[in-house]
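Enquirer: This is the structure I have questions about; it appears just below.
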Amino acid sequence: MTPPNHRGAPPVPWNLLPESAGTDARGSLTIGGCSVAALAATYGTPLFIYDEAQLRARCREAVEAFGDEVAYATKAFLCTAMARLAAEEGMVLDVSTLGELHVALLAGVDPSRLVLHGNNKSTAELSRALEVGVHRIICDSTDELDRLEVLAAAGGVRPKIWIRVTPGVEAHTHAYVQTGQEDSKFGFSVASGAAAAAVERIAAKGLLELCGVHAHIGSQVFDVASFGKAAEVLGRFFAPLGLGELCVGGGLGVAYVAGEEAPSFGAWAATVRGALAAVGIGPEVRISAEPGRAIVASAAITVYEVGTIKDLPGLRTYLSVDGGMSDNPRPVLYGSGYEAMAVAMPKAERVRAVRIVGKHCESGDVIVPEAFLPAEVGVGDLIATPVTGAYGYSMASNYNKVPRPAVVFVADGRERLVVRRETLEDLVRLDLG
């Protein structure tokens, strides 16, 4: 419980905002040279605003660190504009469903610059991937190998694949986003021998062309040593196979709140390469990665309008906004932390302790449980939560039949609506009555 007389907090650290963040003549927040308040007036709230220049810069940094086979993990945030942007900046795109594949193709991404993931790929998904000619299919289970071999034999093709392995490394992150430990729904275990057995099976049947190995240890990883440890295990398994491609997955952490610091793409790549070199993996092997959150998270903010402020003397103050768990489920799912700021005074001291909650019919619909805002913030004002570019819109829902927000890209004083706000008609478009 936050005491009502808590001393407050300084302004939100500016490094948590998109790189183009600034203020106008009135001191109000701008992104990409555009007034956030004006964008909210035009497109409504909640509203996702992305700094397009920052998105492009992060893509270029990833390519510089890992090369032109580095993939953008589209699950973090995907629309046709984002798919096109990542491809334009030299990234491969990682898709994991028929829907993500469809969006990437609709955006005009060359299928040879797509890789297909997923722990339970359907026959339809595998068939479509073969039909359009995706670059690689990352196989995750023996059942998937069964399905893919049937398709390969029937179609007279020899798909190029990687196998996903679990290196047995538990990343220092939330249990729900750990994926490299033994007890995981993903991949073939190295320790149990399942990965080696999969390699032997593929070679024996000859229906699939094994090109490489993939591993992913989890998300929101701040300690690059975890990546190094996984790379050592992966490298020892990989070295005797004589393959030319090795992907270390994604998961690079991002700072969400004051005091957090995230490693760079360069530090991540250097750690991985050093660990792989130590176990005999040389420059002849093409090493790639799959960042998602680290590309998009800090490039965006979400803007809300304050609707209700409820003071409970001796307990806390609830500040309700016009969004919530439908546009940002991460606090509910993982207990993820965020900062909050007043759009009209982003550099003001935050002296008022509040709990920022959404409009949904759940007590757990909390966006920032222990937030601080300027004392002047009232009903009808705009507040913003930074670092919402990943797993906000992509995990958004229509809970309580709330239309999903619009998404705007901004750069050089120009705005571009890339996803329109859903309408009430959209909510019943599939309803047959």
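Enquirer: Taking the conditions exactly as written (surrounded by 15 or more Cβ atoms within 10 Å (Cβ to Cβ) and over 27 Å from Gly292 (Cβ atoms)), does Ala25 satisfy them or not? Explain how you work it out, then say what you get.
Expert: Working: surrounded by 15 or more Cβ atoms within 10 Å (Cβ to Cβ): no; over 27 Å from Gly292 (Cβ atoms): yes.
In short, no.
Results for (1) under 22 Å from the mean Cα position of the chain (by Cα); (2) surrounded by 18 or more Cβ atoms within 10 Å (Cβ to Cβ), shown as yes or no for each residue.
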position: Ala231; (1), (2): yes, yes
position: Gly242; (1), (2): no, no
position: Gly249; (1), (2): yes, yes
position: Ala258; (1), (2): yes, no
position: Gly274; (1), (2): no, no
position: Gly280; (1), (2): no, no
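Enquirer: Does Val387 satisfy the condition of being in contact with a strand residue (DSSP E or B) (Cβ under 6 Å, 6 or more places away or on another chain), buried (at least 16 other Cβ atoms within 10 Å of the Cβ) and not assigned by TED's automatic domain parsing to the domain that holds Ala83? Show your work before the answer.
Expert: Details: in contact with a strand residue (DSSP E or B) (Cβ under 6 Å, 6 or more places away or on another chain): no; buried (at least 16 other Cβ atoms within 10 Å of the Cβ): yes; not assigned by TED's automatic domain parsing to the domain that holds Ala83: yes.
Against the criterion (in contact with a strand residue (DSSP E or B) (Cβ under 6 Å, 6 or more places away or on another chain), buried (at least 16 other Cβ atoms within 10 Å of the Cβ) and not assigned by TED's automatic domain parsing to the domain that holds Ala83), Val387 does not qualify.
Enquirer: Is it true that Glu209 is crowded, with 16+ Cβ neighbours inside 10 Å and of a type in the set (Asp, Glu)? Spell out how you get there, then give the answer.
Expert: Working: crowded, with 16+ Cβ neighbours inside 10 Å: no; of a type in the set (Asp, Glu): yes.
The answer is no for Glu209.
Enquirer: If I filter segment 397-406 for residues that are surrounded by fewer than 17 Cβ atoms within 10 Å (Cβ to Cβ), in contact with a helix residue (DSSP H, G or I) (Cβ under 6 Å, 6 or more places away or on another chain) and not in a loop (DSSP other than H, G, I, E, B), do I get at least one hit?
Expert: yes
Enquirer: On to the next question. Which one is farthest from Pro291 (Cα to Cα), of the residues in segment 237-260 that are in contact (Cβ under 8 Å) with a residue 12 or more places away in the chain and out of contact with any strand residue (DSSP E or B) (no Cβ under 9 Å at 6 or more places or on another chain)? Steps first, please.
Expert: First, pick out the residues of segment 237-260 that are in contact (Cβ under 8 Å) with a residue 12 or more places away in the chain: 237-239, 241, 243-258, 260.
Going one step further and asking which of them are out of contact with any strand residue (DSSP E or B) (no Cβ under 9 Å at 6 or more places or on another chain), we end up with 239, 254-255, 257, 260.
Details: Ala239: 24, Val254: 11, Ala255: 15, Val257: 20, Glu260: 19 Å.
Of everything passing the filter in segment 237-260, Ala239 is farthest from Pro291 (Cα to Cα).
Enquirer: Also, quick follow-up: Sort out which residues of segment 323-382 are of a type in the set (Ser, Thr, Tyr) and under 23 Å from the mean Cα position of the chain (by Cα), and write them in order of number. Outline the logic, then answer.
Expert: First, pick out the residues of segment 323-382 that are of a type in the set (Ser, Thr, Tyr): 326, 334, 336, 338, 363.
Result: Ser326, Tyr334, Ser336, Tyr338.
Enquirer: Wholly within segment 235-334, which helices (runs of 4 or more DSSP H) include no fewer than the required count, namely at least 3 residues that are in contact with a helix residue (DSSP H, G or I) (Cβ under 6 Å, 6 or more places away or on another chain)?
Expert: The qualifying helices (runs of 4 or more DSSP H) are 265-278, 293-296.
Enquirer: Which condition from (1) touching a residue at least 12 places away in the same chain (Cβ under 8 Å); (2) part of a helix (DSSP H, G or I) is the one that Glu200 breaks?
Expert: Failing condition for Glu200: (1).
Enquirer: Which condition number does Ala299 fail, the rest of (1) within 30 Å of Gly212 (Cβ to Cβ); (2) at pLDDT below 95 being met?
Expert: In the conditions (1) within 30 Å of Gly212 (Cβ to Cβ); (2) at pLDDT below 95, Ala299 misses (2) alone.
Enquirer: Got a sec? Which of Ser192, Ser226 is at pLDDT below 90 and farther than 21 Å from Lys160 by Cα? Steps first, answer last, please.
Expert: Numbers: Ser192 fails: at pLDDT below 90.
Ser226 is the lone residue from the list that is at pLDDT below 90 and farther than 21 Å from Lys160 by Cα.
Enquirer: Here's something else I'd like to know. Tell me yes or no: at least one residue of segment 368-377 is free of Cβ contacts under 8 Å to residues at least 40 places away in the same chain, part of a strand (DSSP E or B) and crowded, with 21+ Cβ neighbours inside 10 Å.
Expert: Yes, that holds for at least one residue.
Enquirer: Another question, then. Could you pull out the residue among Ala204, Ala198 that is crowded, with 19+ Cβ neighbours inside 10 Å and either at pLDDT 95 or above or charged (D, E, K, R) (or both)? I'd like the intermediate steps shown before the answer.
Expert: On the way: Ala204 fails: crowded, with 19+ Cβ neighbours inside 10 Å.
When all the criteria are applied, what remains is Ala198.
Enquirer: Restricting attention to segment 38-80, report how many residues are of a type outside the set (Phe, Trp, Tyr) and under 12 Å from Val296 (Cβ atoms). If you could, list the steps in order and put the result at the bottom.
Expert: Residues of segment 38-80 that are of a type outside the set (Phe, Trp, Tyr), as a first pass: 38-42, 44-47, 49, 51-65, 67-71, 73-76, 78-80.
With the extra rule that they be under 12 Å from Val296 (Cβ atoms), the set shrinks to 51-52, 54-59, 62, 73-76, 78-79.
Final tally of qualifying residues: 15.
Enquirer: Give the number of residues within segment 216-236 that are charged (D, E, K, R), under 16 Å from Ser189 (Cα atoms) and without any contact (Cβ under 8 Å) to a residue 60 or more places away in the chain.
Expert: As a first pass, look at segment 216-236 and keep what is charged (D, E, K, R): 223, 229, 232, 236.
With the extra rule that they be under 16 Å from Ser189 (Cα atoms), the set shrinks to 229, 232, 236.
Narrowing further to those that are without any contact (Cβ under 8 Å) to a residue 60 or more places away in the chain: 232, 236.
Qualifying residue count for the region: 2.
Enquirer: Then there is this: Does segment 203-233 hold any residues that are assigned to a helix (DSSP H, G or I) and closer than 17 Å to Pro291 by Cβ, and which are they? Before the answer, list the steps.
Expert: Pass one, segment 203-233, residues assigned to a helix (DSSP H, G or I): 203-205, 224-233.
Listed by number, the residues that qualify are Val224, Ser226, Phe227, Gly228, Ala230, Ala231.
The values are calculated or read from the model by the stated rules, or taken from the named source; none is laboratory data. Source: prediction; values computed, not measured. Backbone-built Cβ (ideal geometry, glycine too); neighbour counts: all protein chains shown.
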